[in-house]
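What follows is a single structure, written as structure tokens, with notes after it.
The values are calculated or read from the model by the stated rules, or taken from the named source; none is laboratory data. In this text the structure is predicted, and so the values were computed from the model without any measurement. So basically every Cβ, Gly included, is an ideal-geometry build from the backbone, and we count neighbours across all protein chains shown. SASA here: full protein model, heavy atoms, side chains in, ligands and nucleic acids out. Shrake-Rupley method; radii C 1.70, N 1.55, O 1.52, S 1.80 Å.
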Amino acid sequence: MNIAPYPKRVTAILNKWHTGAVTAQDCMACSSSCCSHGGFAILENVLAIFELYERGELKREDYRFPEGLCFRDFVRTYFDVFWCPTGRWPWRKQIAVFHMKSLSSDGQLISIPPVGESYYETRNALFGENPWLNKGCVFLSKRVEEWPSDDKDATRRCILHHPASATHLTQKPIDCVFFVCTEPREPKVPTGDVSADWHRALAVSYPNSVERFLALVEETPARQEDGAATAPTNP
Ligand code: SF4
Ligand code: SF4
């Protein structure tokens, strides 16, 4: 893939958000427990991930990615897709966000049901009530225990990591790039305003993602991120 630097607006938010946070070296020495509650990818990330998949380069030690999925089936299998509204009328724009699914303790992919106020609330409730269930993002190199357990296995890693992902758009989901800790395993939690700015910057910098995605899968709209949903259907 041709990788491009993040647009200025995205870079400015990342630089500000990462100031004073843990370093890449801290994350290398960590067991990646944050990946039991991952961020999201945007369409550009998903297209790059699909390229890796098609080249047979998506590999982890305790799960096999089946061969031969088309783009639409690949997305349906590995992501929960939402339309996230950003900005106020008349400047409202939406962005397609792709939440990576987790693997269960018996190796099944877990989809977060389209109920409740938001994806995150529903996911937190489901995994919080059933801590045995979630063994981390499907794009981890191997399973992770549910937060806050820590097996201290620093050989675990994101199989989508790219050396340039801190500054360039790659297969590494952009919201995972945004995520950071203040101290190892102490997540920095964004306020509602910071999250809104982040989503807005992505929607403006990578425009028309909903339309572009629908053109790719020739499908009708899915559910909305904020729970003010229309049809609660996955693409
Ligand atoms: S839990 Fe925090 S320190 Fe550990 S890998 Fe994730 S972001 Fe880095
Ligand atoms: S995509 Fe990578 S960084 Fe993001 S949650 Fe999954 S394993 Fe972690």
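At-a-glance table
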read-out	value
Percent carbon-and-sulfur accessible area, segment 4-217, ignoring ligands, DNA and RNA, probe 1.4 Å	56 percent
Nonlocal Lys pairs with alpha-carbon distance under 19 Å, the chain (8 or more apart, or different chains)	14
Mean separation of Cα contacts under 8 Å, 6 or more apart, over the residue count of segment 4-217: relative contact order %	35 percent
Surface/4 of the Cα convex hull for the chain, nm²	12.3 nm²
Segment 3-64, accessible area per residue, ligands and nucleic acids excluded (1.4 Å, Å²)	54 Å²
Protection proxy ranking, peptides 187-196, 151-160, average beta carbon neighbours within 10 Å, highest first	151-160, 187-196
Estimated dipole of the chain in Debye, rounded to 20 [Cβ of Lys and Arg +1, of Asp and Glu -1, Cα centre]	540 debye
Segment 63-164: relative contact order as a whole-number percent, Cα under 8 Å and 6+ apart	18 percent
